[in-house]
Amino acid sequence: MTNSLMRRVWEHKAKLIGGFTKKYNVDKLVYFESFNIPSEAIKREKQIKAGSRKRKLELIHKFNPEWNDLYNFEQIYK
C-alpha cells in the first residue's frame, strides 16, 4: 500500500527499495487497485497476499493480459 503509486514504482525502478523487488529485479507495474480508504486498501492487500500464486496470476491476466508495464499509465489514471 502506498499513497503515491507513481513514486513507489519509481523507487523500485531506481532500485531504492530493498527486499524481494530488488533481489529479483522486479520493477514492472502490471497490476494495481485504488482505494480512497486506507484500511480498505490494507484489507485488500492482505487478501491478495494470502491468495495462491495461481489466483494472483489470474488477477493480473484479467486486468492486464499482455503484462504491459503500467507505470505512468495516464499518470495512474489521476
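Each Lys and Arg adds +1 at its Cβ and each Asp and Glu adds -1 at its Cβ; summed about the Cα centre, the chain shows a dipole of about 380 debye. For the chain, applying the loop criterion from DSSP together with a ceiling of 13 other beta carbons within 10 Å to the GluC sites (Glu not before Pro) yields 33, 66. Just so you know, the Rg over Rh for the chain is 0.94, from Cα atoms, with Rh as the Kirkwood radius. Take the Cα of residue 42, go 7 Å toward its beta carbon, and the backbone nitrogen atoms of the stretch 1-36 under 19 Å from that spot belong to 1-5, 33-36.
Each of 32, 20, 63 was scored by other Cβ atoms within 10 Å of its Cβ. Listed from fewest to most, they are 20, 63, 32. Fewest-first ordering of 31, 24 by other beta carbons within 10 Å of each residue's beta carbon gives 24, 31. Within the straight-line cut-off of under 19 Å between alpha carbons, the lysines reachable from residue 43 are 56, sequence neighbours fewer than 8 places apart in one chain being disregarded. Each of 26, 9 was scored by other Cβ atoms within 10 Å of its Cβ. Listed from fewest to most, they are 26, 9.
Per-residue ellipticity at 222 nm computed for the chain from its helices equals -14500 deg cm²/dmol, with DSSP H segments shorter than 4 residues left out and the rest contributing -39,500 (n - 2.57).
We did not get these values from a lab; they are worked out from the coordinates using the rules stated. Because the structure is predicted, anything quoted here is derived from the model rather than measured. A quick note on method: Cβ atoms are made from the backbone with ideal geometry, for glycine too, and the neighbour counts reach across all protein chains shown.
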